[in-house]
Amino acid sequence: MNAHLQPTGSAYFIQKETAAVENHTLSVLVSNEPGVLARVIGLFSGRGYNIESLTVSETEHEAHLSRITIVTRGTPIVLEQIKAQLERIVPVHRVLDLTVRARELGQERPIEREVALIKVAGSGEARAETLRLADAFQAKVVDATVEHFIFEITGKSSKIDQFVAIIKPLGLIEICRTGIAAMNRGSQGM
């Protein structure tokens, strides 16, 4: 038996976490004021939680509200801790775990989309192949010269990852991604 996992009688004995690590998408409605994003990010960094994706934008101008969409990873216990700690931050109005909510509605995941700008060098046959692949992925040319293309692609992160992987050998120069914007299906709002 593992002696280091046995109860010691100490109040500080912590049993090893055996739950699976999951990705969850959190939607956080906050007051649109200076320092709010820093406080939210500080919560994650101060406790060692990782942020896989982060998007922020004002959603209700008159009410001065912004929506922060965070994709993070953790066990169910860690994810509950993150949500509880976010809810305690003063300018946070609401925290919604879109992943849990989607499951409650019988859906696999919330609607998640990301936008990416992808710059690819290309000439000759590689240029023609790049355009064929972009068309197959419904990537739109937003800038072009005789030496490069810049494509705009929108979709699930996995679609963008796949496009990047396929285009890489053809002359990938640079990628800029927005992060995930997410929303649950149905008539209910946040």
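Some values worked out for this structure:
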item: Answer residue from the stretch 129-174, given it is of a type in the set (Lys, Arg) and assigned to a helix (DSSP H, G or I) and is farthest from VAL115 (Cα to Cα) among those; result: ARG132
item: The stretch 119-136, residues that are hydroxyl-bearing (Ser, Thr, Tyr) and open to solvent by less than 20 Å² (accessible area, probe 1.4 Å); result: THR130
item: Yes/no for GLN188 being open to solvent by 70 Å² or more (accessible area, probe 1.4 Å) and either over 21 Å from VAL56 (Cβ atoms) or not aliphatic (A, V, I, L, M) (or both); result: yes
item: Of all residues making up the stretch 80-118, the number that are more than 23 Å from ARG177 (Cα to Cα) and either open to solvent by 80 Å² or more (accessible area, probe 1.4 Å) or not β-branched (Val, Ile, Thr) (or both); result: 21
item: Some residue of the stretch 114-122 being outside any loop (DSSP other than H, G, I, E, B), within 22 Å of LEU79 (Cβ to Cβ) and within 18 Å of the chain's Cα centre (by Cα); result: yes
item: Hits in the stretch 36-71 - residues which are surrounded by fewer than 17 Cβ atoms within 10 Å (Cβ to Cβ) and part of a loop (DSSP other than H, G, I, E, B); result: GLY48, ASN50, HIS61, GLU62, ALA63, HIS64
item: Test: residue in the stretch 128-140 that is of a type in the set (Gly, Ala, Ser), modelled with pLDDT of 95 or more and under 30 Å from VAL28 (Cβ atoms); result: no
item: Given (1) β-branched (Val, Ile, Thr); (2) open to solvent by 30 Å² or more (accessible area, probe 1.4 Å); (3) touching a residue at least 24 places away in the same chain (Cβ under 8 Å), number of the condition VAL146 does not satisfy; result: (3)
item: Residue list for the stretch 153-174, restricted to those being within 30 Å of ASP97 (Cβ to Cβ) and either open to solvent by 70 Å² or more (accessible area, probe 1.4 Å) or not hydrophobic (A, V, I, L, M, F, W, C) (or both); result: THR154, GLY155, LYS156, SER157, SER158, LYS159, ASP161, GLN162
item: Every residue from the stretch 72-105 that is part of a helix (DSSP H, G or I) and either in contact with a Cys (Cβ under 9 Å, 6 or more places away or on another chain) or charged (D, E, K, R) (or both); result: GLU80, LYS83, GLU87, ARG101, ARG103, GLU104
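The values are calculated or read from the model by the stated rules, or taken from the named source; none is laboratory data. No experiment lies behind these values; they were computed from the predicted model shown. Backbone-built Cβ (ideal geometry, glycine too); neighbour counts: all protein chains shown. Heads up: the accessible areas ignore ligands, DNA and RNA and are worked out on the full protein's heavy atoms, side chains in. Shrake-Rupley method; radii C 1.70, N 1.55, O 1.52, S 1.80 Å.
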